[in-house]
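Quick notes on the structure that follows.
Any read-out appearing in this document is the output of simple, stated calculations on the displayed coordinates, not a laboratory observation. The structure displayed is predicted, hence computed values, not measured ones. Cβ: placed from backbone, ideal geometry, glycine included. Neighbour counts: every protein chain shown.
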Amino acid sequence: MNTQQLKQEIIDYSKEIGIDKIGFASADVFEGLKERLKRQQALGYQSGFEKGSVEERTEPDRLLPEAKSIISIALAYPSRIKNGPKSTKEERRGVFCRASWGVDYHKVLRDKLEKLSAFIVDKIPEASTKVMVDTGELSDRAVAERAGIGFSGKNTAIITPEFGSYVYLGELITNIPFVPDTPLEDGCGSCTKCLDACPTGALVQGGQLNAQRCLAFLTQTKDFLPDEFRPKIGNFIYGFDTCQVVCPYNKHVDFHNHPEFEPEPDVAKPKLKPMLRISNREFKATFGHIAGSWRGKKPLQRNALIALGHYKDKTAVDEIIAVMNNDPRPVIRGTAAWSLGKIGTDDGFVAIKEAMDKETDEQVLAEMEKGLAFKETSTT
């Protein structure tokens, strides 16, 4: 079988198994990306979540020695929740970013890619493949860009003509030398909407991200959230996607092609107060199937406390006091104290002062001081 015929059969099969877009790229070294990654490292712009060395992330033959081609796939995900629940004064809600709605995309894409791999090996028994989704060494976006799936936007997302940037990406390296597809031309032009909307200046310039200032990354960290970012995250408890929402290519884009990605309203927009007392077992049962659960409940609970503070939710004061007094984790106790101060009730301030007499952790005590400082601010 010639590779052009096999390529068409793979494309046809990809449609059968629900892949929204597929592209083929060479397995050459990603030289431009290599230089960008080295610059990112030198500037301290990386998140720390990246897997592998710069070489492993840019040289496909380090991952599959006989690599000749890379097949890139994209699956569209929804941007709107049908009949989404509303936040009320009695029951404030947080929100997961759109990329964490529905079943964890890693599992869904991996399943599709493994089916593609089996299809290829069935046709060409001597074929070798390696499947990767997001957590692999290769840059999904660099592969997708080379394979013509979309162009790399100024917000660093891959933007497809059909689905905007609301797509999950994955790839399959193979030793079959497919004719590569043509990359798309850049489509951002002079538009700077994503740069203008980024609340922390994480988008340093078009296509360059300082992950250390990116709210999507910061919501996933487990330590205290630095003060300057607390006013910025609003009610996001995982991820942040304003740079996608403002993109003109995403206007009116809302695809519901995959039942697995349909958002469960009460999971995608959970009530905040129950998040404070959720057990590990309840957390796993409620959120364990979504991508936003991968860091565990601690960052989400910290972010929920910050969100309740932003809402100035007086109905949550008693529960937040209980967290401040009883939670064994310093980050959660300290953030609870900050949140109480932000809400600003007399009961909350009294509780912070009483808790300070028993607290021994220096960082928590510093957060309690910040909480009490809100009282001084409100009376001046």
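Applying a threshold of 28 Å to the alpha-carbon distances of Lys34/Lys269; Lys193/Lys375; Lys38/Lys112; Lys222/Lys353 flags Lys34/Lys269; Lys193/Lys375; Lys38/Lys112 as lying beyond it.
Across the chain, where is the longest run that never hits trypsin sites (Lys or Arg not before Pro) in a DSSP loop with at most 15 other C-beta atoms within 10 Å? Display every interim value, and only then the final one.
Numbers: sites that count: Lys51, Arg80, Lys82, Lys86, Lys89, Lys222, Lys251, Arg295, Lys312, Lys358.
In the chain, the maximal stretch lacking such sites is 90-221.
Extent of segment 155-202 along its three principal axes (Cα atoms, max minus min coordinate, largest first): 44, 20, 18 Å.
In loop segments of segment 21-51 as defined by DSSP, the chymotrypsin sites (Phe, Trp or Tyr not before Pro) with at most 13 further C-beta atoms inside 10 Å of their C-beta are Phe49. Straight Cα distances below 15 angstrom link Lys115 to the aspartates and glutamates Glu9, Asp12, Glu16, Asp20, Glu171, with same-chain residues fewer than 8 positions distant left out.
Seen from all directions on average, segment 16-158 presents a Cα convex hull projection of 11.4 nm². With pairing defined as another cysteine C-beta under 4.7 Å, the cysteines of the chain that fail it are Cys97, Cys188, Cys191, Cys198, Cys214, Cys247. Assuming charge only on the beta carbon of Lys and Arg (+1) and of Asp and Glu (-1), the dipole of the chain about its Cα centre is about 840 debye to the nearest 20.
Residues whose amide H lies under 5 Å from that of Ser26, counting only those 5 or more places away or on a different chain, are Ile70; hydrogens are built 1.01 Å from N in the peptide plane. Normalised Debye scattering of the chain at q = 0.08, 0.11 Å⁻¹ gives log10 I(q)/I(0) of -0.47, -0.82, counting only Cα atoms as equal scatterers and leaving out solvent.
What whole-number volume per residue, in cubic angstrom, does the convex hull of the C-alpha atoms of segment 184-232 give? Please report the intermediate quantities before stating the final value.
On the way: hull volume 4.0 nm³, N = 49.
Dividing the Cα hull volume of segment 184-232 by its residue count gives 81 Å³.
Mean projection of the alpha-carbon convex hull of segment 193-379 over all orientations, in nm²?
Mean orientational projected area (segment 193-379, Cα hull): 12.1 nm².
Among beta bridges identified by DSSP and lying wholly in the chain, the antiparallel ones come to about 90 percent.
The C-alpha atoms of the chain define a longest principal axis, and helix 297-311 lies at about 60 degrees to it. With the Kirkwood sum run over all distinct C-alpha pairs, segment 45-98 has a hydrodynamic radius of 16.3 Å. Checking every one of the GluC sites (Glu not before Pro) in segment 1-46 against DSSP loop status and a limit of 16 other Cβ atoms within 10 Å picks out no site at all.
P(r) for segment 192-287, from all Cα pairs and a bin width of 5 Å, is 2, 10, 17, 19, 19, 16, 12, 4, 1 %, short bins first.
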